1. Which one of these does A:H178 not meet: (1) within 12 Å of another protein chain (Cβ to nearest Cβ); (2) touching a Ser or Thr at 6+ places or on another chain (Cβ under 8 Å); (3) in a loop (DSSP other than H, G, I, E, B); (4) crowded, with 22+ Cβ neighbours inside 10 Å?
2. Let me confirm something: among B:D172, B:D166, B:D139, which residue is more than 27 Å from A:L115 (Cα to Cα) and open to solvent by less than 30 Å² (accessible area, probe 1.4 Å)?
3. Scan region A:65-97 residue by residue and report those that are surrounded by fewer than 18 Cβ atoms within 10 Å (Cβ to Cβ), in contact with a Gly (Cβ under 8 Å, 6 or more places away or on another chain) and not in a loop (DSSP other than H, G, I, E, B).
4. Which ones in region B:145-192 are among the β-branched types (V, I, T) and within 21 Å of B:E49 (Cβ to Cβ)?
5. Those residues that are within 20 Å of B:Q133 (Cβ to Cβ), part of a loop (DSSP other than H, G, I, E, B) and open to solvent by 70 Å² or more (accessible area, probe 1.4 Å), I need them from region B:17-44; list them, please.
6. Looking at (1) under 30 Å from A:N72 (Cβ atoms); (2) crowded, with 19+ Cβ neighbours inside 10 Å; (3) modelled with pLDDT of 95 or more; (4) not small (G, A, S), which one does B:R130 not meet, given that it meets all the others?
7. Cβ-Cβ below 8 Å, separation at least six or inter-chain, first residue in region A:149-174 and within 13 Å of chain B (Cβ to nearest Cβ) and within 17 Å of A:R185 (Cα to Cα), second among the hydroxyl-bearing types (S, T, Y) and surrounded by 22 or more Cβ atoms within 10 Å (Cβ to Cβ): which pairs?
8. Looking at (1) open to solvent by less than 20 Å² (accessible area, probe 1.4 Å); (2) closer than 30 Å to B:T182 by Cβ, which is the only condition B:A12 fails?
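The values are calculated or read from the model by the stated rules, or taken from the named source; none is laboratory data. Everything numeric in this text was worked out from a predicted model, so none of it was measured. Glycine gets a Cβ as well: all are built from the backbone with ideal geometry, and neighbour counts include every protein chain shown. Side chains are part of the model used for accessible areas, which takes the heavy atoms of the whole protein and leaves out ligands, DNA and RNA. Shrake-Rupley method; radii C 1.70, N 1.55, O 1.52, S 1.80 Å.
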Amino acid sequence: LPAGLAQWFPALEVLDVSGTGLAELGAELLCLPCLHTLLAKNNRLGGPGSLPKGLGQAPLARSLRVLNLSGNRFADVPAALLLLRGLRSLSLGGNRLHGIPPDIQELRSLEFLYLGGNFITSIPPELAKLPSLKYLVLCDNKIQSIPPQLAQLHSLRSLSLHNNLLTYLPREILNLVHLEELSLRGNPLVVRFVRDLTYNPPSLQELAGRTVKTRNVPYAPSDLPESLVRYLSLASNCPNPKCGGVYFDSCVRQIKFVDFCGKYRLPLMHYLCSPECSSPFSSASQSSTSQSESDSEDEASVAAHRMQKVLLG
Amino acid sequence: MEQPVQTEMWKARSLEELVRILHQIFAEDKVSVEEVQALMESYESNPEEWLQYAKFDQYRYTRNLVDNGNGKFNLMILCWGEGHGSSIHDHTDSHCFMKILQGNLKETLFEWPEKKGNGEMIKKSERVLRENQCAYINDSIGLHRVENISHTETAVSLHLYSPPFDTCNTFDQRTGHKHKVTMTFYSQFGERTVC
């Protein structure tokens, strides 16, 4: 960046230095009090020192709304970036990212996040703590599963997941009420009912824990070792509304297919506390294999109203 | 459309001229695919001429009507953000010409699925179309998916459909199942349409 940039153009609001071969964005940025859009795509940014020191204290940290760093060489999201509290739109498409830092949740104002075309293998549940996120692009990565917490992104309107390594989705994805666009093509989504053969029977500790929880056996921290008190606090409720049970580490993973608008069948992962626990979505017992074909009538019609467009093809 | 009736090829020197020549060509009873394709390709994209139609949407690609060809054809501009793509679709027995005005678009051709399609659809071929190139497809050639695979650049394309159509089928790549959809315009003649 040219020296004296802030002196010459103190009122600068939009700066586009894309395709200029820059290897670092210098301290000149820190003196621009009005900058709200910074476009620096297709450069050589990504090494240490790509962003100027003191970024968190600069006026930029509050004024910057749009940052485009796509087509650079970032192997991880620089910590300094997460100090840009006012950021609404961030693009790191086409870089070399292997993961997303949990501290991404610091970007409280983020509405648009583009991370397509990297090498990301998993999504931290903290990503779901972004209350204003409307558009999330994770296509062309190496993602194997979506954390169920992602369903907490209440503002999400568009989710791009195509060309990843997903075999199923969490059933919680049905809770994204405002979702209008969902792309899933190019994932090895399972198409047939898969019976989980690796169910491990619960341990004695788990069985005892389940009993304590479901029968509301009273206990105080003084009654039990701290490790067991902690263990008891990690109980998960069985999603089956007819079952008041809980589970700790041992659960049945079951893939159910849900029809969207009668055209696509999405494999959704359900967790149940035991094989004996009948699925929330079948009226018959769980042992029949045909349930995967005709199940989730109610769920499907509700989801069909909500999911306006699913780009699966 | 039949074999070429005239031997000389058109050269459109502006978008306006392209539209004018298209009206002329389509006023005839016989129109040739080769003639239209060559005409479309002859126009050298000049953003100043089409910027007013190029309205982008954050979440998905947009269709912006430029000219309705006196009912004989629809000419429209499609705007693709980074990563935006279409579903696999057919063309309702119409001819479809697609010319790249800016950026690049990947076109993947698919075979029609079997009657009671229940398997993964078969990919025939794929290619990346560059600026000013013009592709052609119709239902007898097959189905296609068009996508902007760039994570850094947007893309703009010019499409001609004859006869015009507003519904088509989209196909699920995993199963071949089809679903009829109605297509809408994001803008018409440079004005944003509110649906």
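1. Only one criterion is unmet by A:H178, namely (4).
2. Sole residue among the options that is more than 27 Å from A:L115 (Cα to Cα) and open to solvent by less than 30 Å² (accessible area, probe 1.4 Å): B:D139.
3. Matches in region A:65-97: A:A80 only.
4. Those that are among the β-branched types (V, I, T) and within 21 Å of B:E49 (Cβ to Cβ): B:T154, B:V156.
5. Passing the criteria: only B:E44.
6. Status for B:R130: all satisfied but (2).
7. These pairs meet every condition: A:L159/A:S183; A:S160/A:S183; A:L161/A:S183; A:H162/A:S183.
8. Tallying (1) open to solvent by less than 20 Å² (accessible area, probe 1.4 Å); (2) closer than 30 Å to B:T182 by Cβ, B:A12 fails exactly one: (2).
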